[in-house]
Amino acid sequence: MRTEDFKSVISEFLTYGIPEVRERELKLPLEPNITVTVSGGRRGGKTSLLYETMRRVLDNGLAQKDEILYVDLEHPRLRGSKVEELDDMLVAFRELTGKSPKYLFLDEIQVVQGYGTWFRRRLDAKIYLTGSSSSLTPRKVAEELRGRSVNFEVLPLSFREYLSFLGVKVNRDLALYSDERGRLLSLLMEYLTFGGYPAVVLERDPVMKRMILRSYFDSVVVRDLGGTPQAEAVARILISGYSTMLSINKLYNSLRGMGFPLSKEKLIEMLRRAEESYFYYPVEIFERSERKRRVNPRKTYIVDTGYSMGLGYEFSISRAMENAVYLELRRRGYQPYYWKEYGKAEGAEVDFVVSDNFRARELIQVTYAKDRIEEREIRALKKASAELNPERMTIITWNHRGEMEGVRAIPLWYWLLEKM
């Protein structure tokens with residue numbers, strides 16, 4: 001029986017209430033008919049999103065405070081909780097409040113093995129679950145809950161949220177023609193340099209920002225990949241080479257050259273863990289053939305560009321811009337691909353293909369251009385366009401805006417501030 005442990009944890013929440021948090025753009029439904037799951041890497045803001053949702057439930061009169069059950073299953077008193085002990089949680093809540101919960105929020109549900117069996121029963125409550133590890137990927141959630149769930153992914157702050165956290169209000173169209181643009185470029189540089197983790201954004205001391213990022217790397221990234229020296233080496237390589245092509249063979253040979261004789265199978269497993277823990281995002285070539293997508297190299301993106309600064313690597317503004325575009329496309333619900341000219345090792349490339357069922361909607365090229373676009377960027381888009389016939393072609397620049405040969409050029413800050 002864990003009733004007393006649950007009573008202790010639940011009473012903390014009932015006594016101290018819902019912490020004040022800053023609002024995020026992502027909103028969870030308040031009256032879902034199926035279980036809501038919230039996935040994403042650690043420290044990205046999942047728990048804060050639960051708190052914000054609880055506040056909205058209260059503000060809309062959907063429940064009273066003592067009808068909301070919130071439990072962090074990683075609380076020290078709940079370590080080792082088993083699925084059958086979740087019944088004790090409901091008993092504890094009823095003993096404390098005299099009620100059954102209308103809303104049930106469980107943080108880090110993945111620590112309870114086989115949790116899906118408990119949620120398959122009928123519970124007369126709106127249910128929200130969060131998790132950080134590979135145990136709460138959308139695919140595994142669907143398996144556990146047998147399709148009776150909808151998943152929302154939380155990433156570090158978008159540039160819009162970053163400005164909001166800093167109290168900066170901006171009219172993006174007016175900024176195109178005013179001195180405000182210079183301020184936005186400065187803020188964008190800081191955002192790309194230190195990333196979008198909420199705690200890092202709110203910390204104003206650059207030294208402390210680096211220390212927080214380094215602590216996240218040590219306590220989250222390396223641990224999620226296995227906690228070994230080999231895991232740290234793989235994570236460092238992914239960070240140092242983000243926004244570039246990843247070859248398994250080259251990565252394997254690099255690790256062997258560093259004195260880590262792990263097998264290719266082990267390396268592939270480590271990359272899978274990096275992907276499932278929401279740290280590393282591989283992007284495939286735009287090909288309808290599954291086989292061709294698998295045999296071609298993948299481009300590598302990471303959850304937050306601040307890791308490069310936190311580990312002391314040289315900052316690349318062009319690669320940081322490209323990574324930011326990838327994350328923003330993901331926030332907007334897209335699964336982008338890259339395009340490469342067929343049969344040419346040094347052929348033209350396009351950074352992103354945005355598509356619906358492999359029908360190209362938009363080609364996006366990212367370049368650090370201040371006042372002019374290189375001809376090669378236009379040429380690559382034209383070659384890809386001749387093959388894919390997209391609806392639109394876009395070049396995202398640092399500070400250049402215009403249109404040439406049917407291609408629109410738009411500054412990164414302006415594109416990032418578009419309403420979703």
Residue within the stretch 252-272 that is in contact (Cβ under 8 Å) with a residue 24 or more places away in the chain and touching a Leu at 6+ places or on another chain (Cβ under 6 Å) present: yes
Identity of the residue in the stretch 23-55, of a type in the set (Val, Ile, Thr) and closer than 18 Å to residue 73 by Cβ, that ends up surrounded by the most Cβ atoms within 10 Å (Cβ to Cβ): 38
Set 278, 301, 334, 307: member being in the same structural domain as residue 389 (by TED's automatic domain parsing), buried (at least 20 other Cβ atoms within 10 Å of the Cβ) and closer than 28 Å to residue 380 by Cα: 301
Of the criteria (1) at pLDDT 95 or above; (2) closer than 14 Å to residue 10 by Cβ, which one residue 85 fails: (1)
One residue from 360, 380, 369 being surrounded by 12 or more Cβ atoms within 10 Å (Cβ to Cβ), among the aliphatic types (A, V, I, L, M) and within 22 Å of residue 187 (Cα to Cα): 369
Single match in 94, 77 (criterion: assigned by TED's automatic domain parsing to the domain that holds residue 108, at negative phi, at pLDDT 95 or above and out of contact with any Cys (no Cβ under 9 Å at 6 or more places or on another chain)): 94
Failed item in (1) in contact (Cβ under 8 Å) with a residue 24 or more places away in the chain; (2) more than 24 Å from residue 160 (Cα to Cα), with residue 326 passing the rest: (2)
Residues located in the stretch 192-210, provided they are without any contact (Cβ under 8 Å) to a residue 60 or more places away in the chain and either touching a helix residue (DSSP H, G or I) at 6+ places or on another chain (Cβ under 8 Å) or in a loop (DSSP other than H, G, I, E, B) (or both): 201, 202, 203, 204, 205, 206
Qualifying residue in the stretch 95-113 (condition: exposed (fewer than 14 other Cβ atoms within 10 Å of the Cβ) and among the polar types (S, T, N, Q)): yes
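The values are calculated or read from the model by the stated rules, or taken from the named source; none is laboratory data. The model shown is predicted, which means the values in this text are computed figures rather than measured ones. Ideal geometry is used to build each Cβ from the backbone, glycine not excepted, and the neighbour counts take in all protein chains shown.
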